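Worksheet: the structure to be examined is printed underneath.
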């Protein structure tokens, strides 16, 4: 049990810092809200608004429930997210493999080669779809 005391102390310090930071931000932070600050932020991409109810149903006002605007996010946003996930997962698997490279032998080398081939196929797909052009 004594071996876990430093870990618990560090966890308590981290939790206290998180609670303190949120409390201070709420207590002394600015309280000026506007429409732009309440909008969802999608990496700088302006969402396109589209209504859920067709214009015909709105004109007739036939008891249709009018739902607020739907913010459509461009596909480019999801391609960027895919690219992040591809490289994030690659790094997560490459670090332990690099540390244990000597102990794994040929099986580890073959497994990592197949993994790199899979990641390369995903990268080529992303490149082909235009996910790497930032215009």
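Looking only at the range 99-135, residues that are touching a helix residue (DSSP H, G or I) at 6+ places or on another chain (Cβ under 8 Å), under 13 Å from residue 79 (Cβ atoms) and exposed (fewer than 13 other Cβ atoms within 10 Å of the Cβ) come to 2 in all. How many residues are on the phi > 0 side of the Ramachandran plot and within 21 Å of the chain's Cα centre (by Cα) when one looks only at the range 93-135? Result for the range 93-135: 1. Beta carbons closer than 6 Å, at least 6 apart along the sequence or on distinct chains, pair a first residue in the range 86-102 that is within 15 Å of residue 113 (Cα to Cα) with a second that is surrounded by 10 or more Cβ atoms within 10 Å (Cβ to Cβ) for 90/119; 97/112.
Residue-by-condition table, conditions (1) at pLDDT 85 or above; (2) over 27 Å from residue 130 (Cα atoms); (3) assigned to a loop (DSSP other than H, G, I, E, B):
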site	(1), (2), (3)
4	yes, yes, no
12	yes, yes, no
46	no, no, yes
87	no, no, no
95	yes, yes, no
113	yes, no, no
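The values are calculated or read from the model by the stated rules, or taken from the named source; none is laboratory data. Model, not experiment: these values are computed from the prediction. FYI the Cβ positions are ideal-geometry reconstructions off the backbone, even for glycines, and counts take in every protein chain you see.
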